[in-house]
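Data block below; observations after.
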Number of protein chains: 2
Amino acid sequence: MPTKSSPSSGRVTVEFQPIGRRVPVEGGSTLLRAAQQAGLGIVALCGGDGWCESCRVRIEHGNVTPPTDSERAVFSPQLLDDGWRLACQAAPLTDARVSIPPESLDALQRLQVEGRLASVAVEPLVQAYDLHLSPPTLQDQRADDERVKEALEEAGRPGVVIDELVVLEHLSRHLRQNHWDVRAVLRDSRLVATLPTACPLLGLAVDIGTTKVAAYLVDLEAGDTLAKSGAMNPQIAFGEDLISRIGYTERVPAGRAQLQRMLIDTLNEMIAALCSEASVEPWQIVQAVVVGNTAMHHLFAGLPVEQLARAPYVPALSHALLMRASELGLQIAPGACVDLLPNIAGYVGADHVAVILAAELWNSARTLLAIDIGTNTEITLAAGGTLSSCSCASGPAFEGAHIRDGMRAAPGAIEHVQIKDGELFLSTIDSRPPIGICGSGILDAVAALRGAGILNEKGAIRRGEARTRETVDGLEYVLVPSGQSGHGRPITISRNDVNEVQLAKAAIRTGIDILLDHASLSAGDLDEILIAGAFGTYIDLTSAVAIGMLPGLPREHFKQIGNAAGMGAKLALLSRTALVEATRIAGRVQYVELTTYPGFQSKFLKNMYL
Amino acid sequence: MPTKSSPSSGRVTVEFQPIGRRVPVEGGSTLLRAAQQAGLGIVALCGGDGWCESCRVRIEHGNVTPPTDSERAVFSPQLLDDGWRLACQAAPLTDARVSIPPESLDALQRLQVEGRLASVAVEPLVQAYDLHLSPPTLQDQRADDERVKEALEEAGRPGVVIDELVVLEHLSRHLRQNHWDVRAVLRDSRLVATLPTACPLLGLAVDIGTTKVAAYLVDLEAGDTLAKSGAMNPQIAFGEDLISRIGYTERVPAGRAQLQRMLIDTLNEMIAALCSEASVEPWQIVQAVVVGNTAMHHLFAGLPVEQLARAPYVPALSHALLMRASELGLQIAPGACVDLLPNIAGYVGADHVAVILAAELWNSARTLLAIDIGTNTEITLAAGGTLSSCSCASGPAFEGAHIRDGMRAAPGAIEHVQIKDGELFLSTIDSRPPIGICGSGILDAVAALRGAGILNEKGAIRRGEARTRETVDGLEYVLVPSGQSGHGRPITISRNDVNEVQLAKAAIRTGIDILLDHASLSAGDLDEILIAGAFGTYIDLTSAVAIGMLPGLPREHFKQIGNAAGMGAKLALLSRTALVEATRIAGRVQYVELTTYPGFQSKFLKNMYL
């Protein structure tokens, strides 16, 4: 029987890496519980009994309880010496820093990889030609490039250019290895790869978010998604927010290259896993499309980001960029083109261009609003054939940050809150005992408390209501008393928590209002509001309307469209027309700067009201 | 007074790196003398007195005499410990391996960097626009790329593309550092660099030979050559001939990358030296043109070379290739284009395209023959508006190799030989005491011996002639008796030496004959024979005609045009028209394979006669 807790008591602090979250822990509590308290989902398939080995962590600093029998069975003495432990077995004895490897962290994070896909005719960016070449002789000494070009000309593709070194580097060997029978893969008039004849052509679509990375492996000819994958953005080790990461690149000379490398390494792992899942080879991937917010786009491409962190927040690059897999170190066909969609502004990036593409805003005759909610919320209005966008600093409240009992959307998070006839109803992710509250839960809670009259329109908690209590920080509303929570502490909503939600919802609503005002429209003119992103998928729209985050339109006017950015990337990958549209969209969009818009301040303050 | 020799005697062997030449040395003889005996020119400005410090070498292996006072004055104890010595002071006590650094080796090698330059209108490949941009504000948040593109449009250059990562990477910083006043440098419609306003634009022309590398720094607007430089090709450490180097790339997995790296490192050193000489900065170099034989071209670009070493000897690439300085690691403006001229065939490379360009064969109405003599000799015939080329395996005899007393064209080499009225006249490079015989000398010697009847038409030395002597290897003709040579040994011409010259001249003459035959012409139809290359510049044309290497035309039909390959590269750098012509030339040239040409064998055998 493993020992599950040490007898020592007292309070210590555990810092979890790479997230960087610190949590106070009662002595004797395991690292797994500490992580759950911190809102971090560590994989623990066996429920913490020490036999599934899935909760491996590494102690970087501090003392923990000695290894249990379970841990000795899992780790060699060398690994134990190196600090490797099972989070469900080890308990901190002192303040400690613990690193959670991605394989222990990822699985239980909700990562959204599927969304609404506008239907397109499959018309991939690459074309393949199976060539049967005659080998060179002393009578026919044409160079390898010339031989391939002339064969392509005979196949109806004159004027092909073979100018990429990585392609030329492999061409001579491929031709000879395949006995002069090869499948030539062209992007427009350029040779990007040679494969064995009849080899299927694969593509990769990637959406790089500040927190998460989503990747899709696609059959370019059939249009099917063969596999999809989500992972944490490894740059999170250098700060959860963009500004911290940009700061890192300014402080450390090789920092930018390091952040780029981490991202590419993670993508390469994802590519290997996707290909393994689909039983294909990475070199069959002959085309990729990548989107991300402007900072992620720049860090992925290796472009400078300092100017994104300070006014007037201009991108180094707005236009679409065509890179080669080899120059990025992406382990697919080395000559494969990697298309980065264009950026609209410093805080309206290529991911939002992909949203506009997937939501078909660019060619709609209707009046549509697309909102991608996150720490930064991008909004685009399509009206009368024109597109206008803005960016709102909505903050991380909906990611569970800046909220005292906030956490990411992981098991045990309160995701929905209702008060009916004075009675409180909660639901948690995976129906686990509650350990915190995630974005959709906090939104619901504020709406429910306001609906029940427990909050006033300014967001203050009314004194004397049931479940409220006085603390040194002011009044709190107790969602879960200590006896009913998963960690034995109460889960509460404070005035400050409510204020964070007010700031977030005011930012988003002010963005919507200003875009409408700029187009001389009102909310009633909107045919549809499309809500993209993981958070947007899980929120209760009634709550969002109730607190005034979204305009008060009938429910059928709203559509939750999931990871539209990833879907847009996939669209551009599968359709030449969509890619061309994507490159045009950025030029067509009018970017509206909110902070200098007339009346911004008063609009924002008005929208703070609940 | 420095000690110039050690008392020890006996014979030891010294191997010189990176050339790889071994030479037996009498004990007590200095390394400088040993190098001279090996035909290697080490810089010794003071004549070996130990005060000029120019003959620095490094002992890699073996024992030498202790450091002299002169050496202690030049080298720190650390450097002496590391094996650094002056070649004029140190004498080997045992077999030794000695490395000669380029700065000690190069200067006295005759490196040809100037040649005949066809006159062209200066019309460089890049154009510059001085831009005065308005800085971004919250009211004008255009991305950096967009701001530059719109300013270029206002300056009359719409549609400029900024798609190269290394350019974008530096653009944001350059704009801010230069307070939004920059000189934008365009190659066609692409931005390749941003410089301070009014900064002069420089270009680099490079000719990479198997043995030597020549580089020219050019003012792109004025057309002037600001500096020129020649260096040994560092790949020589892996074999003097191409086949050895190709073999190395096949044996060693990273060998190709290593050979490329060495070449780039040498070029970077040359660039730094050229810029220092001209008081300019390497980042001002915004365009480069590179030529070389097909193998050097491929190794420079990082392309596979195995297929060049075996029949049917096809290049991986024949077309012109446009690379970027950054992908090569060339330390000039990172976005600068590096144009590699096209290759005609496996043994008629981009350097010969440059010869055709410089010699204006491509647009001549006359019947011209251009010959670039080397280990491999390339010949092109221009007749009736068509161009035909061939490649002759002329061997290294004219580089001094395969000739027992042969050496490169360095001080002390016999460069000219005449026999007048039975009397022998010799001249050496720099009038130094003779230590060997270089290419032009051996050519003269064979012609003179044949003219004097000492050789018969088959190349055999007549028994009983003055200055002949019998050895175990057969009859020899003594050019310099032991008492008169610089090293105390006789310098002789053997039957084998004569045979090497016969093979070389037969190869060249057969090439000429077949090209003429292929065009249904005879030698008498030729208006001019242009002879390119370092060796071609120094040979005595009368001797070359006398032994039948060149057709017997009047002297005024011949023109020695120097390093025409380098000149062609410079032309392409300075003239957009010339570059376009160069890319066309390769496609226009008909390559004639000699070995399969009807009657090749009998023609070759006939041409062996003197």
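The values are calculated or read from the model by the stated rules, or taken from the named source; none is laboratory data. Source: prediction; values computed, not measured. Note that we place each Cβ from the backbone using ideal geometry, even for glycine, and neighbour counts take in every protein chain shown.
Restricting to the range B:388-403, name every residue that is in contact with a strand residue (DSSP E or B) (Cβ under 6 Å, 6 or more places away or on another chain) and either surrounded by fewer than 21 Cβ atoms within 10 Å (Cβ to Cβ) or among the polar types (S, T, N, Q) (or both).
Taking the range B:388-403 first, the residues in contact with a strand residue (DSSP E or B) (Cβ under 6 Å, 6 or more places away or on another chain) are B:388-392, B:394, B:400.
Correct list: B:Ser388, B:Ser389, B:Ser391, B:Ser394.
Scanning the range A:379-438 for residues that are of a type in the set (Phe, Trp, Tyr) and farther than 30 Å from A:Asp513 by Cβ returns a single hit, A:Phe425. For the range B:119-142, a residue qualifies if it is in contact with a helix residue (DSSP H, G or I) (Cβ under 9 Å, 6 or more places away or on another chain) and within 14 Å of chain A (Cβ to nearest Cβ), and the qualifying residues are B:Leu133, B:Ser134, B:Pro135, B:Pro136, B:Asp140, B:Arg142. Among the candidates B:Gly230, B:Gly223, single out the residue that is within 14 Å of B:Thr266 (Cα to Cα) and either of a type outside the set (A, V, I, L, M) or away from chain A (no Cβ under 14 Å) (or both). Of B:Gly230, B:Gly223, the one residue that is within 14 Å of B:Thr266 (Cα to Cα) and either of a type outside the set (A, V, I, L, M) or away from chain A (no Cβ under 14 Å) (or both) is B:Gly230. Looking across the range B:238-261, just one residue is within 15 Å of the chain's Cα centre (by Cα) and not in a loop (DSSP other than H, G, I, E, B), and that is B:Leu242.
Restricting attention to the range A:171-218, which residues are assigned to a strand (DSSP E or B) and among the β-branched types (Val, Ile, Thr)? It would help to see each step written out before you state the result.
The initial filter retains those residues of the range A:171-218 that are assigned to a strand (DSSP E or B), namely A:181-187, A:190-195, A:202-208, A:212-218.
Listed by number, the residues that qualify are A:Val182, A:Val185, A:Val192, A:Thr194, A:Val206, A:Ile208, A:Val213, A:Val218.
The residues of the range A:156-178 that are more than 13 Å from chain B (Cβ to nearest Cβ) and surrounded by 14 or more Cβ atoms within 10 Å (Cβ to Cβ), listed by number, are A:Arg157, A:Asn178. Identify, please: which residue in the range B:68-97 is among the polar types (S, T, N, Q) and over 26 Å from B:Gly10 (Cα atoms) and is, among those, surrounded by the fewest Cβ atoms within 10 Å (Cβ to Cβ)? Out of the qualifying residues, it is B:Gln78.
Results for (1) in contact (Cβ under 8 Å) with a residue 24 or more places away in the chain; (2) of a type outside the set (Lys, Arg); (3) within 14 Å of chain B (Cβ to nearest Cβ); (4) under 14 Å from A:Val353 (Cα atoms), shown as yes or no for each residue.
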site: A:Leu515; (1), (2), (3), (4): yes, yes, no, no
site: A:Asp525; (1), (2), (3), (4): yes, yes, no, no
site: A:Phe535; (1), (2), (3), (4): yes, yes, no, no
site: A:Ser543; (1), (2), (3), (4): yes, yes, no, no
site: A:Ile547; (1), (2), (3), (4): yes, yes, no, no
site: A:Arg576; (1), (2), (3), (4): yes, no, no, no
site: A:Leu579; (1), (2), (3), (4): yes, yes, no, yes
site: A:Ala586; (1), (2), (3), (4): yes, yes, yes, yes
site: A:Pro598; (1), (2), (3), (4): no, yes, yes, no
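Specify the residue that is farthest from the other protein chains (Cβ to nearest Cβ); the eligible residues are those in the range B:327-354 that are part of a helix (DSSP H, G or I) and at pLDDT 95 or above. So the residue we want is B:Ala354. Among the residues of the range A:586-610, those identified as surrounded by fewer than 23 Cβ atoms within 10 Å (Cβ to Cβ) and in a helix (DSSP H, G or I) are A:Gly587, A:Arg588, A:Phe600, A:Gln601, A:Ser602, A:Lys603, A:Phe604, A:Leu605, A:Lys606, A:Asn607.
Quick one: is B:Leu381 surrounded by 24 or more Cβ atoms within 10 Å (Cβ to Cβ) and part of a strand (DSSP E or B)?
On the way: surrounded by 24 or more Cβ atoms within 10 Å (Cβ to Cβ): yes; part of a strand (DSSP E or B): yes.
Yes; evaluated as a whole, the condition is true for this residue.
When the residues of the range A:234-271 are narrowed to those that are free of Cβ contacts under 8 Å to residues at least 40 places away in the same chain and aliphatic (A, V, I, L, M), which ends up surrounded by the fewest Cβ atoms within 10 Å (Cβ to Cβ)? Top of the filtered list is A:Ala254. Quick check: anything in the range A:310-324 hydrophobic (A, V, I, L, M, F, W, C), outside any strand (DSSP E or B), more than 11 Å from chain B (Cβ to nearest Cβ) and in contact (Cβ under 8 Å) with a residue 24 or more places away in the chain? Checked the range A:310-324: no residue is hydrophobic (A, V, I, L, M, F, W, C), outside any strand (DSSP E or B), more than 11 Å from chain B (Cβ to nearest Cβ) and in contact (Cβ under 8 Å) with a residue 24 or more places away in the chain.
The set of residues in the range A:219-237 that are in contact with a Pro (Cβ under 9 Å, 6 or more places away or on another chain) and not in a helix (DSSP H, G or I) comprises A:Asp219, A:Leu220, A:Glu221, A:Ala222, A:Gly223, A:Ala231, A:Met232. Scanning the range B:275-299 for residues that are farther than 24 Å from B:Thr197 by Cβ and surrounded by 18 or more Cβ atoms within 10 Å (Cβ to Cβ) yields B:Val289, B:Val290, B:Val291, B:Gly292, B:Asn293, B:Thr294, B:Ala295, B:Met296, B:His297, B:His298, B:Leu299. For the range A:321-337, the set of residues classified as crowded, with 22+ Cβ neighbours inside 10 Å and farther than 20 Å from A:Gln258 by Cα consists of A:Leu321, A:Ile332, A:Ala333, A:Gly335, A:Ala336, listed by residue number. Can you name the residue in the range A:143-155 that is surrounded by 13 or more Cβ atoms within 10 Å (Cβ to Cβ) and more than 7 Å from chain B (Cβ to nearest Cβ) and is also nearest to B:Ala309 (Cα to Cα) among such residues? The selected residue is A:Arg147. Residues that are more than 22 Å from A:Gln235 (Cα to Cα) and either within 13 Å of another protein chain (Cβ to nearest Cβ) or touching a Leu at 6+ places or on another chain (Cβ under 6 Å) (or both) within the range A:282-309 comprise A:Gln284, A:Ile285, A:Val286, A:Gln287, listed in sequence order.
Within 14 Å of another protein chain (Cβ to nearest Cβ) and either under 35 Å from the mean Cα position of the chain (by Cα) or aliphatic (A, V, I, L, M) (or both), is that true of B:Leu186? I'd like the intermediate steps shown before the answer.
Values: within 14 Å of another protein chain (Cβ to nearest Cβ): no; either under 35 Å from the mean Cα position of the chain (by Cα) or aliphatic (A, V, I, L, M) (or both): yes.
No.
Note on the range A:130-170: residues that are over 22 Å from B:Pro312 (Cβ atoms) and not in a loop (DSSP other than H, G, I, E, B) amount to 5.
Check whether at least one residue in the range B:411-419 is closer than 21 Å to B:Ala460 by Cβ and surrounded by 24 or more Cβ atoms within 10 Å (Cβ to Cβ), and report yes or no. Among the residues of the range B:411-419, at least one is closer than 21 Å to B:Ala460 by Cβ and surrounded by 24 or more Cβ atoms within 10 Å (Cβ to Cβ), which makes the answer yes. Evaluate the following for A:Glu269: is it within 29 Å of A:Pro253 (Cα to Cα) and of a type in the set (D, E, K, R)? Yes.
I'd like the full set of residues that are of a type in the set (D, E, K, R) and within 22 Å of A:Ala413 (Cα to Cα), limited to the range A:470-491. Spell out how you get there, then give the answer.
Of the residues in the range A:470-491, the ones of a type in the set (D, E, K, R) are A:470, A:473, A:476, A:489.
Selection gives A:Glu476, A:Arg489.
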